Amino acid sequence: MSPFDEEEREHEEPVEEGAGEDGAIVDGEGCAGAEIGPPQRKPKDPRKYVASWSERDSLDGKETRAWVLILRTKGCGWARCSMCGYHGESSGAGPDDIVHQFKSALEHKKGERIAKLYTSGSFLDEREISGDARNSILSVLGKQFDRVVVESRPDFINAETIREAAGLCPSLEVAVGLESASPRVLSHSVRKGFTFEDFAQKAKVARDSGARVRAYILLKPPFLNEREALDDAVASMSAAGPFCDTISLNPVNIQKGTVVEQLWKRRVYRTPWLWSAFEAVIRAHEGLRKAGLATRIVCAPSGAGRARGAHNCGACDERLIPALDEYSVKGDVNVLAHEMGRKCRCMKEWHDALDMGALHCVPYDALKNRKH
Amino acid sequence: MLEILTRDGMAREARWSAGGSELLTPNILFVHTGRIRAFARGEAFLSESPVSETKFTVRPGNSWFPVPPLSLPFVSEAARETTVPPFPQIPAGLEGMAGEAHAAALESFMASGSRIFPVSGVFPSELRIKGAEVLVFSSASENSFRPRDLAIELARLKEAAGYSKLVYAPGLGEPSHIALLAYCGIDVFDSSPLAAAARSGKRLFAGWKMDSSEKGACHCPACERDERPPAGAVGRNPLGDEPPQPPDTGRLLVDEGDFLALYEHNCYAALSEVRTVRHAIRKGRLRELVESRLSEPWLVALLRHMDLRHGALLERFMPIARPESSGGILALSRASLGRPEVARFRDRVVHRYARPPSAQVLLLLPCSARKPYSSSLSHRAFRFRIEMSRNSGAVHEVVVTSPLGVVPLELESFYPAGGYDVPVTGDWDGDEMRVIREQLRSFVSAQRYDSVVCHLPGMEFLKDALPPSTIFTPPGAATSRASLVALEGALKEAVAGLPRVNRREAFLARMQALCRFQFGERGSELLEGCTLKYQGPNLKFFTPQKKQVGMILRERGLVSLTMDGGMRLLGKTGYEVQIGDFKPSSAIFAAGVLRAGKDIRPGDEVLAVHGGELRGVGIAVMSASEMEEHGKGTAIKLRHHVSSKDGDSQ
C-alpha cells in the first residue's frame, strides 16, 4: 500500500476503495505503473514512453475512439504551475529515443481515428522534441489519423512552426493550457507564466496558420473557493470561446509534489464537486451558444470520484461521471441537466459550499475538513 | 473607533464603532446568504447586504480573483468601513513569493476605505497598519488542526499588531471554542462552522455536542419548536419511542428542515456562550470558564501551548490584582497549574522576593481553606505556638500550597494568594509535586535560612527539597494537640541562640519584603524608618515626620501610595510611567503616555512621572505595552496628583 492510501484515510473521504492511483491514466506497455506526478529522482528509461491508452471521443459530432500517447521528454520548460506534477515524468530523452517511444507505442493502436500526443510539456518545444523528430512523428500521424491533438505553451506557437506542422498533418489541433482568463488567477493561483492576451494572440496565429485550437480551463485552481472557482471557470470558458475550437474543462486533481497537494494535506483544499463541473459546463455551453459560437466543450476529470479528483459524496459519483463522458462525446447539454435534475442529498452540501463561498473571507473548505 | 471597556488578560470587552453602528465584542457574526438566512436574535451579521438597520453588519467583500473585473456594487462610505477588502487567501508557505499575499492585501486595504485588514500569507513582524482596527486572522481556521501552530501564529499576530486591534477569526465560532479563543485574544467569530456542524447533524453546546437524533436535551426556542410532537401524537408513551436512528451512510446528512432547526439551535448556543464569555471577562473569571470548556483534545492542547510556550505573552496582559468580586482563582485541574498569573507569582517569589533579614527560621506551614491564611483557625493555632517560642520575630511563616508553590505569609493577601480555591483530597499529582518541590528548593537555596522547621504532615515528597538539618514535626493532623506541641518544641529548638527580634521591627521588615515584591528590588526603601498603624482592616505607613507614604487595603493586598510614598520611590522602581508635560487630573489617557516600565500590568500601583518629576500616583488600567500603543482609553487612574490638595501637601 502506498503512503497515498494513508493520506486518503486521514481525510476520511467517502471513496476509499481502489484509491491510490490517479485514475485516468491506464498503464502503458513497458511502463512500470503510470505514477503521475511524484517528484521521484529515480532515473526514467528514456526509451520507454510514459503511458498509452485508447479512449472514447468524438470527431465532427460522431462518436469514435482516440489513441492517447504520453511521451517521455526532457519535460516542461516552465514546470512551475501550482497544480501540475507531471514534471516528475521527465528524462534525458533525445530525438532518437522519442521517435523510438512513438514507434513502439504506435504498434498498439487499434484503428482509432484520433491521436492525442502529450509530453507532460510542450510538443512544439524544440528543447523537448527536436524539429526533425517532430516532423517525422507528425508526418506519420498525418497519414494515419483524422485528427491529431498536441499540446504546447503559447511561447512555442508561431506561424512558421504551425504552417510546417499543419502541412504534414492537416488535421492538427494545438491544445494550450490557458487554465483561466483572470490575470490574478493566472499569476497568483496557477502561476502560469503567460497571460490571457498571450494565449489569444497565439491562438489566432495558430488558426490563421491552419491548425485548430483547444484550450484547457481549470476548475478550482488553488486559493479559490468553490464559488469563485465555478464563476472563474464559466467566465474563462466564455472568454476563451471565440479563440478556440474546443474547450476542455479540467477539474483540478491532487498531483504529487504540487502546491495543490500541500494545500490538500493541510486540509484547506477540497477538490471541486462534480456538481460544479456540471454547472460550469452547462452555464458555459449555454453562454457560448447564445453568443453564436460552436466551440465544443469536453470534460473528463482525472481521478473523478476519488479523494484526489473531483468528487461528490460517493453515492452519486458513479452515475455522474459517465454523464460527463456522454456529454463530451455527444455535446448534448441535456444529458447534464437531466442528471442534475435527479439530484442527490449531497447537493445541499455543495450548495452550502457555493453559498459560503460568497463570503470570501470564510475559509469554508478548511472548516468543512475539520474533525473537531 | 475602538474602545476597550474591560480587560481580562488578552481577552477584553470592547466597543467598535464603524459603519454607523456599534459592535460589542467578543461577538459572533451570523452569516446571511441566499440559503442560510441571518439568525434574527444575533447582534451582528456577516452579509453582503445589510440585514437590519440597527444591527452591525460586516460585509465579506469581493473576491480577489474576479474575471472579468467586477463592476462593484455601490457601497456607501460608511458601509465601506466594515467591508473586508478583497484579498487572496493564501496560506503562509504556499505563496509564489513570500509576502505576495500580504502585499496584495495591503494594496487592497489602502484602496478600500475599510477599517478591516485581512491578514494573509506570511505577515511581517511589525503589523501596525494605520487605520486598521480589526484584523482578519484568515489562517486561524486552518491552524486549528494544529494547536501548536495556531498558538505560534496567534502569538506572532499579537506581537506584530499589538493589543489594541480586534481580531476576527473567520470559520471559528463553535460554542465550545469561543471561551478559549477569546482568552487567546480573538474577539470576533462567525457562524459558518455552526452551519457546517448542523449539516453533518451536530447539535452543539458549550462543552458538549450531540447527534441530531438525540432529542429532548435542549429547550432553546429552536429545539422546542422542532421537537413539539406532531398533532395526533398525544397519548403516546410519555417516555417516547426509541429515537429514529440515522441511516448508516458513514456520515450523517440531515434533511433541510432538520438542518435549519439544528443551525438555529447552534446559533442560540453560540450566542449564549458569547454572552457568558463577556460576563466572565467583566468578572475577571474567563480562565475559570475556559477550563470548564476544555471538552476537546485540541482545546486542551491549545491552552497548554499558550501557557507553556507563550505564557510570557499572556502574562504581559494578566492583571496584578483582581476585584474581590472575582471570587479568586479556582485551580480545578492540571491546566490551572500553568495559569500565567500563577506562574508569574511563583516566578517572582523565586526571583524578586527577599525574606526579612531578621527572620532566620523558616517555618513551612500548610495552606488553609479560608483566605487569607492568617484568618483561619489552623493558622491561628500555629500563630499561638509561634508566640510560645518566645522569639516569634525570628520565625518566618511560609505556606506551601498548590498551585502557588511557596507563599511567604506577608504576601497572603497578594493576588492570587489572597483568594484561590483548590480541591483538597490529600492526593498530589505528579506535576503538582514537581512544581512545588522545585519552587521550594529554589526558595530555600535563595533565602539562606539559619534553620528550617517543616510542619507539613502528608507532604513527605518535599523532603529532598529541604536541607538535611530540617526539623520535621511528626506525622498526623497538623492541628492536633500532639502535633502543635511538637511544633512548639521544634520552634523553641530552632530559635535557641538567635538574637531576640523586636516584634514591631519584625513586622516592618515583613512589610518591606512585601514592598520589594510589589515594586522591585529597592521597593523596601518605601518603608525605611516608618511606623505602622492599623485603621480598621487597613494598614497605614507613616514616616518619622508623620507623613503617610501609603496603605494596604485588605481586599487589594498591595500597597497604595500617597504622593509622599511616590516621592520615596521615585527613580527606584520600574513601576514608573513617563508622561507628557501636563498636569494630570484624575486619569491619564494612553495618548499622554510616553513610556511605561515594562513590568507594569493592569492593577499595578504606578508613578506618573515627567522628566524626573512626580506628577501623580495611581493604579494602572492597562499593561505597559498597551499604554505604549497610544490607543483610546484610560491608562492610569490617579489617586493623587501634583495639583490636588492632599497630594501636594509637601
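Where a number appears in this text, it was derived from the coordinates with a stated rule and is not lab data. In this text the structure is predicted, and so the values were computed from the model without any measurement. Quick reminder, even Gly has a Cβ in these numbers, built from the backbone with ideal geometry, and neighbours come from all protein chains shown.
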Placing each pseudo-label 7 Å from Cα in the direction of the beta carbon, B:S200 and A:D60 end up separated by a distance in nanometres of 5.3 nm
The stretch A:3-369, convex hull of Cα, quarter of hull surface, nm² -> 16.5 nm²
Ratio of chain B's C-alpha Rg to 2.2 N^0.38 Å, to two decimals? 1.12
For B:S17 and A:R319, FRET efficiency with R0 = 51 Å and r from the beta-carbon atoms, rounded to 0.05? 0.40
Could you work out how far apart the two model spin labels at A:E286 and B:L308 are, taking each label as a point 7 Å from the Cα in the direction of the beta carbon, and quote it in nm? 5.7 nm
Exceeding 22 Å between C-alpha atoms, which entries from my cross-link table qualify? They are A:K371/B:K202; A:K202/A:K256; A:K44/A:K74; A:K368/B:K202; A:K44/A:K256. A:K202/A:K256
Crossing angle, helix B:297-309 versus chain B [Cα axis fit, 0-90 degrees, rounded to tens]: 50 degrees
Rounded to the nearest 0.05, what FRET efficiency do B:M388 and B:L594 have when you use their Cβ-Cβ distance and R0 = 56 Å? 0.55
Give me, ordered by chain and number, the residues 5 or more places off A:L218 or on other chains with an amide H under 5 Å from its own placed amide H. A:E179, A:S180, A:N250
Using a basic spin-label model with each label point 7 Å from the Cα along Cα→Cβ, how many nm lie between B:D421 and A:R47? 8.4 nm
With Cα atoms, 0 to 90° folded angle of helix B:503-519 axis to chain B main axis: 30 degrees
Once exposed loop trypsin sites (Lys or Arg not before Pro) are cut out (DSSP; at most 11 other Cβ, 10 Å), longest piece of chain A: A:111-342
For the stretch B:353-495, what is the charge dipole size about the Cα centre, in debye to the nearest 20, if Lys and Arg each add +1 at the Cβ and Asp and Glu each add -1 at the Cβ? 420 debye
Peptide B:161-170, shielding by other chains (average Cβ, 10 Å cutoff): 1
Please sort by residue number the GluC sites (Glu not before Pro) in the stretch B:1-75 whose DSSP state is loop and whose Cβ has at most 13 other Cβ atoms within 10 Å. B:E53
Could you work out [θ]222 nm for the protein assembly as shown from helices alone, using -39500 (n - 2.57) per DSSP H run of at least four and dividing by all its residues? Round to the nearest 500 deg cm²/dmol. -10000 deg cm²/dmol
Summarise the partner chain shielding of B:133-142 as one whole number: the mean count of Cβ atoms from other chains within 10 Å of each residue's Cβ. 3
How high is the FRET efficiency between A:S130 and A:T195 when r is their beta carbon distance and R₀ equals 35 Å, given to the nearest 0.05? 0.80
Contour minus end-to-end for B:S125 and B:R35, with contour as 0.36 nm per residue of separation and end-to-end as the Cα-Cα distance? 28.4 nm
Trypsin sites (Lys or Arg not before Pro) in the stretch B:468-535 lying in a DSSP loop, each with at most 15 other Cβ atoms within 10 Å of its Cβ, come to B:R500
Gained length - B:R481 relative to B:S586, 0.36 nm times residue gap less alpha-carbon distance: 32.4 nm
Tally Lys/Arg at +1 and Asp/Glu at -1 over every other residue whose Cβ is under 15 Å from the Cβ of B:Q545; what's the total? +3
I need the trypsin sites (Lys or Arg not before Pro) found in the stretch B:434-470, filtered to DSSP loop residues with at most 12 other beta carbons within 10 Å of theirs. B:R448
Amide H proximity to B:T33 below 5 Å, modelled H, separation 5+ or other chain, gives B:A38
Share of Cα-Cα pairs in the protein assembly as shown lying beyond 49 Å, as whole percent: 42 percent
Taking a label point 7 Å from the Cα of B:R380 along the Cα→Cβ vector, which residues of the stretch B:329-368 have an amide N closer than 16 Å to it? B:368
In degrees, nearest 10, the alpha-carbon axis of helix B:100-112 is tilted away from the dominant principal axis of the alpha carbons of chain B by 80 degrees
